[in-house]
Structure formats: structure tokens, C-alpha cells
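The values are calculated or read from the model by the stated rules, or taken from the named source; none is laboratory data. Not measured: the values here are computed from a predicted model. Because the Cβ atoms are built from the backbone with ideal geometry, glycine has one as well, and the counts that use them run over all protein chains shown.
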């Protein structure tokens with residue numbers, strides 16, 4: 001029995017980036033031998049075990065043979081005669097196919113260290129094309145490591161294009177698509193994930209609502225980048241700089257989906273409501289969690305209100321607070337403001353422009369919350385007059401706070 005550290009822990013150590021868990025591959029062992037040493041078997045499709053003390057994963061060396069469609073269509077063979085090189089050959093990228101012995105010696109049969117030095121994401125073997133999920137995984141690695149200068153090897157990108165054209169991605173289950181997308185949204189440069197998918201044609205398959213935005217024009221006066229798809233990825237880039245919250249980044253990604261349905265571009269009247277319907281359908285298809293879809297719909301329908309806050313009077317500002325449910329859900333309101341700021345900054349040459357709207361709306365919210373509701377309840381015994389009285393009091397408080405701010 002020989003044990004090797006493999007995969008991300010080896011790669012990330014070589015890249016000098018943090019990693020959490022280590023994975024291990026066991027060569028020359030049987031299931032019975034692992035169980036005899038008190039390892040706990042957890043793998044169903046192939047033998048994977050948890051270490052009795054560390055609880056890290058130990059998998060028997062294995063090979064895979066394509067037997068059907070999609071990423072689950074494989075027959076797995078694990079036995080003592082499977083070599084380390086056999087096991088590493090089935091992995092996706094060369095940088096993930098490096099093993100390390102217990103003494104720290106590296107085993108690198110597929111030149112992963114050279115590709116780390118060259119900052120290349122390159123597939124290990126033609127077997128890469130047998131698993132469509134790898135298209136999304138490579139896009140995710142491209143997003144994760146873009147800041148380190150990594151790009152996709154041209155031959156690997158061509159292979160990804162071929163897989164997409166062959167219809168392989170149509171067999172992916174929604175939950176796995178969302179899992180990869182969610183993980184990509186948490187990277188430092190999530191826009192790279194979606195750009196890579198577009199470069200290989202996969203975006204049209206997994207996220208057609210986003211793909212449809214490319215080529216849709218916007219007024220150059222407000223959007224120097226013109227193309228709505230380009231704008232969307234710029235907004236996502238800004239969202240990643242403003243917030244680590246995946247929900248904010250998702251909202252930035254989907255905020256303008258309705259513009260693909262505009263009958264007369266570059267004008268996009270009504271795109272807010274149209275986008276909400278698209279987000280709802282997308283969320284249902286990909287099993288997107290409610291907190292993401294709700295924020296995405298909120299930003300889609302209300303972001304233009306936020307942008308106009310500098311020109312709004314007190315009643316309009318309070319209407320925005322009502323529309324965003326800011327009084328009851330202030331934490332979500334903060335996420336909404338971040339996504340709106342990302343939208344404002346996600347325009348060519350305007351990335352650093354002042355955006356005072358969040359401060360204006362936060363001030364309006366603070367003024368509205370400061371109203372003495374108990375006193376109004378005591379004054380208005382009739383419920384039919386109470387709600388309008390509270391609303392007017394809050395609008396008056398917002399107006400007074402604004403006047404005090406300006407010295408009027």
C-alpha cells in the first residue's frame with residue numbers, strides 16, 4: 001500500500017495559495033485492507049474512505065471508462081493493479097494531476113509543474129472530453145486563477161468548444177451547473193467564468209438568458225461600452241470588488257436580462273419587469289436558492305429607482321424604500337445598494353465615478369425609521385387613517401432630514 005497526496009492541496013502549495021483540505025490516493029490496496037485499518041467507507045460509485053483520525057478523504061486508485069451520456073456515465077475500475085499514473089491520467093487538468101509522496105517528493109507524469117510555471121490550464125488527456133462538467137470546472141479554475149495570470153491552453157479551449165458543439169453539456173443536471181456557477185461567483189474575478197463559457201459556446205447552453213445580451217446595444221451616452229453583455233460582465237467585475245456576497249454578484253449578473261427582450265434597442269423601456277420574469281425562470285431551472293433569486297429580481301425591478309435618487313424628492317425616496325422593503329429588511333437593502341453601485345460603475349471609463357445614491361437612500365431610511373410610531377398610534381385610533389398618517393410622517397421626516405443636510 002502506497003499513499004500519495006493529490007489534487008488541489010499539491011497544486012495550491014506549489015502556487016503558494018491557501019488550501020483547506022488534502023485529498024489522498026491509495027495505490028496497491030483493497031477495500032478489505034482499508035477497512036481493516038479502520039478507514040470508514042463513504043464512496044458509493046467508487047471506493048472512497050475517511051481517515052479514522054483526520055477524516056480526510058482517501059480514494060483507491062482508479063480508472064474510468066465512458067459508458068453513457070453526461071458526467072455520470074462512467075464505469076469505474078478500482079483495484080490494486082491500478083497505478084498512480086493511471087489514476088492521475090483520468091484527472092481534468094495537468095496542474096491537478098500532480099501527486100506528492102509521504103516524504104514530500106513530487107510525482108508529475110503529465111508535466112503539471114511546467115504548466116504551473118507557464119500559467120496554463122491544460123487538459124491531461126483526450127479523456128477530458130468524456131465529462132461535460134469539466135467545461136464548467138475549467139471556466140471556474142480560469143476565474144479563480146486569473147489573478148495569478150493563468151489562461152486556458154488553446155488546444156484545451158478547442159476541446160471545450162468541440163464538447164459544446166457535440167451537445168455534451170445538455171446532459172448536465174441543473175444542480176451541478178448552479179454549484180459550479182455559485183463557486184465561480186465567489187472567486188476574485190467571477191466575470192472570467194462567464195467569458196470563458198461564452199468563448200467556448202457553452203454560455204448559450206447553460207445560461208442562454210445571459211448569452212442573449214451580447215450584441216444588444218445601449219445608448220452610448222450612458223453606456224460607452226455599448227454592448228449589454230459587455231456591460232453585464234463589467235458590472236459583475238465591480239460587484240466582486242464591492243462585496244464578497246455571492247448573492248450581490250448574482251444580482252449584478254442578472255440585473256439587465258430584460259434588455260435582451262427590448263423591441264427597439266438601444267431604448268430599453270420596461271426591461272426591469274421583463275428581466276424579473278427571466279430571472280424567475282432561470283432560478284427555477286437551475287434550482288437557484290431563494291435569497292439569490294429574490295435579490296436578483298429586486299435589483300432588476302428597482303435599480304433604476306436607485307440611480308435616480310439624486311433627483312428624487314422625499315416622497316419618491318420613500319416610495320423606493322417601500323418598493324425595496326427597506327424598513328423591514330434593511331440587511332437585504334444594503335445588498336441591493338451594493339448591486340446598484342456595481343451597475344453604475346460597470347461602464348467603460350466610469351468605474352471610479354462618484355455614486356452618492358446609496359448615502360441618500362440610507363439617510364432617507366434612517367429618517368423614516370426615527371419616526372415615533374407609538375405617538376401616531378395614540379393619535380389615530382382608526383386603522384384606516386393610521387397607515388396614511390405614518391407614511392406622511394415618514395415622508396416629512398425624510399424631507400426635514402434632507403433640508404437639514406443641505407442647510408435649507
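Observations
- Helices (runs of 4 or more DSSP H) completely within segment 171-290 that count 2 or more residues being under 18 Å from the mean Cα position of the chain (by Cα), in contact (Cβ under 8 Å) with a residue 12 or more places away in the chain and farther than 30 Å from residue 130 by Cα: 228-242, 246-254, 271-286
- In segment 259-282, the condition of being in contact with a strand residue (DSSP E or B) (Cβ under 6 Å, 6 or more places away or on another chain) and surrounded by fewer than 20 Cβ atoms within 10 Å (Cβ to Cβ) is met by at least one residue.
- For segment 110-130, the condition holds for no residue, the condition being that it is touching a residue at least 40 places away in the same chain (Cβ under 8 Å) and not in a helix (DSSP H, G or I).
- Residues within segment 152-190 that are over 28 Å from residue 239 (Cα atoms) and surrounded by fewer than 17 Cβ atoms within 10 Å (Cβ to Cβ), tallied: 10
- Selection within segment 300-316 - within 21 Å of the chain's Cα centre (by Cα) and either closer than 17 Å to residue 359 by Cα or not in a helix (DSSP H, G or I) (or both): 303
- Hey, residue 112 more than 23 Å from residue 202 (Cβ to Cβ) and buried (at least 20 other Cβ atoms within 10 Å of the Cβ) or not: yes
- Identification of strands (runs of 3 or more DSSP E) wholly contained in segment 17-61 with 1 or more residues that are surrounded by 12 or more Cβ atoms within 10 Å (Cβ to Cβ) and touching a residue at least 40 places away in the same chain (Cβ under 8 Å) yields 23-27, 57-60.
- Condition check for residue 335: surrounded by 13 or more Cβ atoms within 10 Å (Cβ to Cβ) and either over 24 Å from the mean Cα position of the chain (by Cα) or assigned to a helix (DSSP H, G or I) (or both): yes
- Residue within segment 141-151 that is in a loop (DSSP other than H, G, I, E, B) and crowded, with 18+ Cβ neighbours inside 10 Å present: yes
- The listed residue being farther than 30 Å from residue 243 by Cα and modelled with pLDDT of 95 or more, out of 117, 184, 139: 117
- Against the list (1) within 23 Å of residue 239 (Cβ to Cβ); (2) without any contact (Cβ under 8 Å) to a residue 24 or more places away in the chain, the condition residue 389 fails is (1).
- For segment 93-109, filtering for residues that are under 27 Å from the mean Cα position of the chain (by Cα) and surrounded by 23 or more Cβ atoms within 10 Å (Cβ to Cβ) leaves 4.
- Check on residue 297, part of a helix (DSSP H, G or I), touching a helix residue (DSSP H, G or I) at 6+ places or on another chain (Cβ under 6 Å) and farther than 25 Å from residue 246 by Cα: no
- Residue within segment 364-372 that is without any contact (Cβ under 8 Å) to a residue 40 or more places away in the chain and at positive phi present: no
- Given (1) closer than 19 Å to residue 137 by Cα; (2) surrounded by fewer than 14 Cβ atoms within 10 Å (Cβ to Cβ), index of the condition residue 88 fails: (2)
- Selection status of residue 26, in the same structural domain as residue 91 (by TED's automatic domain parsing) and at pLDDT 95 or above: yes
- Test: residue in segment 353-368 that is part of a helix (DSSP H, G or I), over 30 Å from residue 253 (Cα atoms) and touching a helix residue (DSSP H, G or I) at 6+ places or on another chain (Cβ under 7 Å): yes
- The condition of being assigned to a loop (DSSP other than H, G, I, E, B), surrounded by fewer than 19 Cβ atoms within 10 Å (Cβ to Cβ) and at pLDDT below 95 holds for only one of 408, 402, 375, 387, that being 408.
- From the list 201, 162, the one residue that fits, being on the phi > 0 side of the Ramachandran plot and out of contact with any strand residue (DSSP E or B) (no Cβ under 9 Å at 6 or more places or on another chain), is 201.
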